[in-house]
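Trainee: Sending over a structure as structure tokens; questions will come in a sec.
The values are calculated or read from the model by the stated rules, or taken from the named source; none is laboratory data. What you are looking at is a predicted structure, and each value in this text was computed from that prediction instead of being measured. Neighbour counts run over all protein chains shown; Cβ positions are idealised from the backbone, glycine included. Accessible surface areas use protein heavy atoms only, side chains included; no ligands, DNA or RNA. Shrake-Rupley method; radii C 1.70, N 1.55, O 1.52, S 1.80 Å.
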Amino acid sequence: MWSFSHIANELHEWLSSIFNPTWTLVIEMVLAGVAVIGLFAGLGLVLVLMERRVAAWIQIRLGPNRVGPQGLLQSLADTLKLIVKEGLTPNGADKLLFNIAPFIAMIVAMLLMAPIAFAKDFQLWDMNIGVLYVSAVSSIMVISILMAGWSSNNKYSLMGAMRSGAQIVSYELSAGLSILTIVVLTGSLQISDIIHSQATGWWIFKGHLPVWIAFVTFIIAVTAETNRAPFDLAEAESELTAGFHTEYSGMKFALFFLAEYINVFIVCAIGATLFLGGWMPFHIGNLTDFNRVMDYIPSSIWFFGKTFFMIFLIMWFRWTFPRLRIDQLLNLEWKYLLPISMINLLLATAMAILGWHF
Amino acid sequence: MFEEVGTTTEGDIIINVGPQHPATHGVLHLVITLNGETIKKVEPHLGFIHRSIEKMCESLTYRQFIYVTSRMDYLSSHINNHACALCVEKGLQVEVPPRAQVIRVLMDELTRIASHELWWGAMAMDLGAFTPFFHAFRERESINDIMEETCGARLTMNYMVPGGVMQDLHPDFQKRVKEFLQLYKRKIHEYDELVTGNIIFQNRMKGIGYLSPEDAVSYGCSGPAARGSGVSCDIRKVYPYEIYDKLEFDEVLETAGDSFARYMIRLREMQQSIRIIEQLIDNIPDGDFQAKTKAVLKLPKGEFYQRVETARGELGVYIVSEGGTTPYRIKFRSPGFSNLSVLDHIARGSKLGDLVAMMGTLDLVIPDIDR
Amino acid sequence: MFIIKYIKEVYRGVKSLLVGMKRTLYYFTHHKEIITQEYPDNRDTLVMAERFKGEVVMPHNEKNEHRCTGCQACELACPNGTIKVIFKNELTPEGKKKKAIDKLVYHLELCTMCNLCVEACPSDAIKMAQTFEHSVYDRSELTKILNNPGSKIMDGVE
Ligand code: SF4
Ligand code: SF4
């Protein structure tokens with residue numbers, strides 16, 4: 001059956017037959033890097049197009065349909081436009097910080113790719129602290145935003161960056177707590193363990209109320225963490241023109257743009273892994289025939305299907321809700337999400353100890 | 001250079017919102033003093049789209065000057081034209097035929113709905129929800145189609161002339177308006193689902209930008225901005241013109257005085273306009289659509305004033321005539337100018353994000369302020 | 001009680017959000033509600049309203065005759081000097097000198113489509129056309145001469 005792990009194994013065997021183990025490793029690393037960058041570009045293009053289509057249909061418009069068949073090449077054309085544009089650096093800007101900020105955003109997004117299991121046995125780095133790694137690295141994102149906002153020497157940018165700092169720091173808490181719910185139930189931080197614990201059923205089905213609450217909190221928190229509407233206060237174009245990337249243009253702007261979409265993809269992939277079983281197919285109890293049919297669907301399709309479902313959810317939020325105000329945003333976190341997810345964590349712990357889940 | 005004037009001695013930040021900024025919907029320039037996110041002062045700077053319409057009108061004849069007024073408050077161009085036509089008629093002492101009066105009122109109310117639709121979409125967009133804007137345009141476009149069919153243009157119609165209207169109604173007019181009414185009734189609940197009932201929206205609007213009735217009066221606010229504070233100022237009720245005194249409709253009043261009250265006023269006003277249209281659409285009297293007037297209009301020596309209720313508030317047209325074919329002096333009292341003046345008062349102490357919401361509920365059209 | 005109020009608040013808030021999401025999902029899945037038109041593609045089927053004010057034109061009949069007497073009413077009615085009537089002297093068959101229009105110059109770039117000239121014209125010589133794609137590369141192309149070259153006034157129009 002066609003799957004990523006199959007291809008990867010074939011490739012590994014083929015390389016091993018030609019080179020010695022060290023070279024094989026080096027070449028595999030390079031290939032993985034190229035694949036990640038390729039995936040980046042591909043994902044960016046697909047997600048931008050997807051967002052524009054979702055927005056258009058919700059807004060009773062047609063959406064991009066001029067470039068290529070059905071407008072499929074639209075985001076490619078956009079990228080091309082951004083590449084040939086001049087990347088201005090404002091006169092009063094802190095040149096060094098201004099220029100490296102978008103790259104830091106990109107690097108963070110790339111680092112986050114490492115522990116994600118794209119398919120059965122197809123993972124760049126299955127470390128034993130996978131979930132912790134993700135939540136630790138994703139907080140570096142705020143540094144790039146603060147850098148961009150500070151170094152632009154623009155008050156809009158500065159305010160956007162400060163907003164985003166407050167926002168990301170707060171929402172990390174409830175995102176972390178809702179991740180902890182699953183960690184408590186699984187007893188492991190390793191991504192592959194978490195996925196395997198869902199072989200009998202995804203946590204969203206096995207976990208009852210605590211996991212549902214954790215799922216909702218997780219979605220809200222990651223929407224805020226990735227600066228997506230209704231929590232897009234860092235950009236808030238009707239208040240701050242474009243927030244922290246007001247002064248960016250050309251490819252540097254494109255990198256921020258891309259990093260935002262990649263971050264959305266990653267948090268959705270993490271959500272799909274934790275709550276929806278990652279690449280685990282959908283199984284119902286003892287219905288062996290049904291389960292076998294489900295098994296025939298490649299694991300990568302399961303993974304991407306779930307991830308894109310989550311991405312759709314986040315896009316759906318964006319095109320439905322108005323934006324919150326900064327104090328309401330912090331209220332929501334500290335007065336609602338945080339207490340709820342703390343109590344929820346207690347509930348989940350009780351459930352894990354008493355073994356109430358399936 | 002801006003670094004030096006950028007911050008005050010206490011460390012407050014001064015930012016320039018506009019003249020080109022997504023929130024101002026035009027070329028308004030607001031100089032805002034901020035303490036963190038809290039607004040300390042808002043200073044509107046005007047004049048970026050000043051076209052001296054009043055001076056232009058002085059060199060145009062009484063037939064010609066009406067078209068310029070479409071360009072003041074371009075969202076209620078019919079009503080602007082109507083005010084000018086009424087004022088000229090007052091001077092000429094012509095009787096407008098009943099059919100023309102009904103047509104004028106119908107057009108005014110359609111314009112009012114169209115204007116409020118656009119405001120609703122833009123308001124939601126200011127708050128970061130993009131979808132309502134496009135949904136509002138669906139209804140607004142169908143009004144525009146009706147206008148295009150009868151008046152020949154979608155935005156600057158120049159349909160009202162002294163003595164009546166320029167052309168008779170299009171034969172399809174009644175049918176199209178009824179279609180629109182149906183469409184509107186089918187879609188009106190979506191406004192509540194998408195925006196009004198939304199908890200985020202309500203939290204952002206309620207209790208924000210409080211304007212007391214006394215302040216509303218002393219700043220000279222009019223229209224929905226004042227009625228949101230409970231000040232009864234609907235010119236259609238207070239100084240009825242045309243056939244408004246014979247029509248059944250309510251003056252919409254809210255007492256809360258906050259942004260949400262001003263928002264609800266406009267939504268409910270649309271319903272009242274629908275009510276007026278429903279009363280009139282089947283009862284358009286036959287007859288002339290234009291009174292007989294001389295080819296060259298000359299107003300007698302004197303001063304003439306006429307006020308109407310536009311979608312934004314009270315528009316006053318003041319004409320001084322020396323007996324010639326052109327006005328000696330003309331002055332427009334535009335609602336937007338007074339409504340903008342209250343912005344600093346209501347915005348102090350609230351957050352930057354609220355400023356956008358408040359500007360939305362004041363429904364500012366910049367060419368109306370600058371003229 | 002505080003807790004009950006808290007839970008009610010959360011419930012009400014979530015419900016209002018879900019109502020909005022249901023509405024947008026409806027539009028996401030119902031593509032027949034889409035109202036935008038693909039404008040340059042639908043040029044052939046595009047029907048403009050018959051009264052649409054796009055540009056002032058002067059209709060000519062098949063014998064290249066128009067109805068304009070050169071009375072200048074349109075020139076006077078126009079608020080911004082868009083129309084200019086230029087005369088020439090013609091000899092009538094009886095040998096008398098007669099004033100007739102040479103050119104009716106129309107500056108499209110100045111016109112506000114206010115329809116006043118059409119209303120003012122006593123002999124219905126000009127009307128509004130429904131064209132609206134007016135962009136050109138050079139401004140001078142917007143200055144038009146409304147009467148066709150060699151055209152003359154229709155018989156019986158005074
Ligand atoms: S439409 Fe108005 S502006 Fe244009 S030529 Fe006629 S009178 Fe002048
Ligand atoms: S177009 Fe009409 S108004 Fe103008 S000069 Fe000719 S006849 Fe007179």
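Trainee: For chains B and C, what's the summed buried accessible area, probe 1.4 Å, to the nearest 100 square angstrom?
Mentor: Counting protein atoms only, the buried area is about 2300 Å².
Trainee: From Cα pairs below 8 angstrom and at least 6 apart in sequence, can you work out the relative contact order of segment A:173-244, rounded to a whole percent?
Mentor: Here the relative contact order equals 27 percent.
Trainee: Using only the Cα atoms of segment A:256-343, what semi-axes does the equivalent ellipsoid have when each is the square root of 5 times a gyration tensor eigenvalue? Give whole Å, largest first.
Mentor: 33, 18, 11
Trainee: OK, next. Please check segment C:77-91 for residues whose accessible area, probe 1.4 Å, is lower by 50 Å² or more when all protein chains are in place than in their chain alone.
Mentor: C:P79
Trainee: Another one. Run the numbers on segment B:182-223: which residues show a drop of 40 Å² or more in accessible area, chain on its own versus all protein chains together, using a 1.4 Å probe over heavy atoms?
Mentor: Residues shielded by partner chains are B:E193, B:L194, B:N198, B:I199, B:I200, B:R204.
Trainee: Moving to a separate point now. For n ≥ 4 DSSP H runs only, could you compute -39500 (n - 2.57) per run for chain B, divide by its residues and tell me the 222 nm figure to the nearest 500?
Mentor: Using -39500 (n - 2.57) per qualifying helix, the result is -14000 deg cm²/dmol.
Trainee: Using only the Cα atoms, work out Rg/Rh for segment B:52-131, with Rh taken as the Kirkwood radius, to two decimals.
Mentor: Rg divided by Rh gives 1.10.
Trainee: Can you pull the Kirkwood radius for the protein assembly as shown, inverse mean 1/r over Cα pairs, to one decimal in Å?
Mentor: By the Kirkwood definition, the hydrodynamic radius is 31.3 Å.
Trainee: Taking each residue of B:149-155 in turn, how many C-beta atoms of other protein chains fall within 10 Å of its C-beta, and what is the average?
Mentor: For this peptide, the per-residue mean of nearby foreign Cβ atoms is 5.
Trainee: Could I ask something else about it? Give the A-C buried accessible area in Å², both sides summed, 1.4 Å probe, nearest 100.
Mentor: So the buried area, both faces added, is about 1700 Å².
Trainee: Right, another one. For B:E43, A:E28, B:E95, A:E260, what's the largest-to-smallest order of accessible area, 1.4 Å probe?
Mentor: B:E95, B:E43, A:E28, A:E260
Trainee: Using helices alone, what [θ] at 222 nm do you get for chain A, with -39,500 (n - 2.57) per DSSP H run of 4 or more residues, divided over all residues and rounded to the nearest 500?
Mentor: Calculated at 222 nm, the ellipticity per residue is -22500 deg cm²/dmol.
Trainee: Same structure again: Round to a whole number: what % of the accessible area of the protein assembly as shown belongs to carbon and sulfur, probe 1.4 Å?
Mentor: After summing per-atom areas, the C and S share lands at 62 percent.
Trainee: Round to the nearest 10 and report in Å² the accessible area of C:Y39, as given by a 1.4 Å probe over the protein chains' heavy atoms.
Mentor: Probe radius 1.4 Å; accessible area of C:Y39 about 80 Å².
Trainee: Shifting gears a bit: With an 8 Å Cα cut-off and a minimum separation of 6 or more residues, compute the relative contact order for chain B in percent.
Mentor: 25
Trainee: Chain pair A, B: how much accessible area is buried, both chains summed, with a 1.4 Å probe, in Å² to 100?
Mentor: Using a 1.4 Å probe on protein heavy atoms, the buried area is about 2600 Å².
Trainee: Sort C:C71, B:C87 by accessible area with a 1.4 Å probe, largest first.
Mentor: Sorted by accessible area, descending: C:C71, B:C87.
Trainee: Per residue, what accessible area does chain A have, given a 1.4 Å probe and all protein chains present, in Å²?
Mentor: 43
Trainee: Hey, another quick one. Compute, for A:D121, the solvent-accessible surface of its heavy atoms (probe 1.4 Å) with the complete set of protein chains present, and express it in square angstrom to the nearest 10.
Mentor: The accessible area comes out at roughly 120 Å².
Trainee: Counting only other chains, what is the mean number of Cβ atoms within 10 angstrom of the Cβ of each residue in peptide B:118-130?
Mentor: If you average over the peptide's residues, the count of other-chain Cβ atoms is 4.
Trainee: A further question on this structure: Remind me, relative contact order of chain C in percent, using alpha carbon pairs under 8 angstrom and six or more residues apart?
Mentor: Computed value for chain C: 29 percent relative contact order.
Trainee: Under 15 Å Cα to Cα from C:K63, which aspartates and glutamates show up? Leave out anything in the same chain fewer than 8 places away.
Mentor: C:D155
Trainee: In whole Hz, what ³J(HN,Hα) sequence does segment B:150-155 give by Karplus (6.51, -1.76, 1.60; θ = phi - 60°), x for Gly and Pro?
Mentor: In residue order, the calculated couplings are 8, 9, x, 8, 9, 10 Hz.
Trainee: In addition: How do A:M315, A:M162, A:M251 stack up against each other in accessible area, from largest to smallest, with a 1.4 angstrom probe?
Mentor: A:M162, A:M251, A:M315
Trainee: I would also like to ask the following. Accessible area drop of at least 30 Å² (1.4 Å probe, protein heavy atoms): which residues of segment A:52-88 qualify, relative to the chain alone?
Mentor: In segment A:52-88, residues shielded by partner chains: A:W57, A:I58, A:Q59, A:I60, A:R61, A:L62, A:R66.
Trainee: Can you give the accessible area per residue of segment C:55-153, in Å², using a 1.4 Å probe?
Mentor: 57
Trainee: Follow-up. Go through segment A:17-32 residue by residue and turn each phi into a ³J(HN,Hα) via Karplus (6.51, -1.76, 1.60, θ = phi - 60°); whole Hz please, and just put x for glycine and proline.
Mentor: 5, 9, 9, 7, x, 4, 4, 4, 4, 4, 5, 5, 4, 4, 4, 4
Trainee: Please work out the average accessible area per residue across chain B, using the 1.4 Å probe convention, and give it in Å².
Mentor: Per-residue accessible area for chain B comes out at 35 Å².
Trainee: For B:R333, which sequence-distant residues (separation of 5 or more, or a different chain) have an amide H within less than 5 Å of its own amide H, given hydrogens modelled in the peptide plane?
Mentor: Correct list: B:G316, B:V317, B:Y318.
Trainee: Kindly provide the trypsin sites (Lys or Arg not before Pro) of segment C:31-66 that DSSP labels as loop, not H, G, I, E or B, and whose Cβ sees at most 10 other Cβ atoms within 10 Å.
Mentor: For trypsin sites (Lys or Arg not before Pro) across segment C:31-66 that sit outside H, G, I, E and B with at most 10 neighbouring Cβ atoms in 10 Å, the list reads C:R43, C:K63.
Trainee: On to the next question. Express as a percent, rounded to the nearest 5, the fraction of DSSP beta bridges in the protein assembly as shown (both residues included) that run antiparallel.
Mentor: Roughly 95 percent of the beta bridges in the protein assembly as shown run antiparallel, per DSSP.
Trainee: Give the lysines whose C-alpha is closer than 18 Å to that of A:K95, dropping any in the same chain fewer than 8 places away, or say none.
Mentor: A:K155, A:K252
Trainee: Mind listing the phi-derived Karplus ³J(HN,Hα) values for segment B:112-118, rounded to whole Hz, using 6.51, -1.76 and 1.60 with θ = phi - 60°, and x for any glycine or proline?
Mentor: Running phi through 6.51 cos²θ - 1.76 cosθ + 1.60 with θ = phi - 60° gives 4, 5, 4, 5, 5, 4, 4 Hz.
Trainee: Here is a further query. 5 Å is the cut-off here: which amide hydrogens, built 1.01 Å from N in the peptide plane, fall below it relative to C:E55, excluding neighbours closer than 5 in sequence?
Mentor: Correct list: C:A129, C:T131.
Trainee: Give me the Kirkwood hydrodynamic radius of chain C, using the inverse of the mean 1/r over all pairs of distinct Cα atoms, in Å to one decimal.
Mentor: Evaluated on chain C, it is 20.4 Å.
Trainee: Checking the a/c ratio against 1.5 first, then a/b against b/c, what shape does the Cα gyration tensor give for segment A:88-354?
Mentor: Here segment A:88-354 falls in the prolate category.
Trainee: May I pose another question? Pairing the Cα long axis of helix C:2-29 with the longest principal axis of chain C, what angle in degrees results, from 0 to 90 and rounded to the nearest 10?
Mentor: 40
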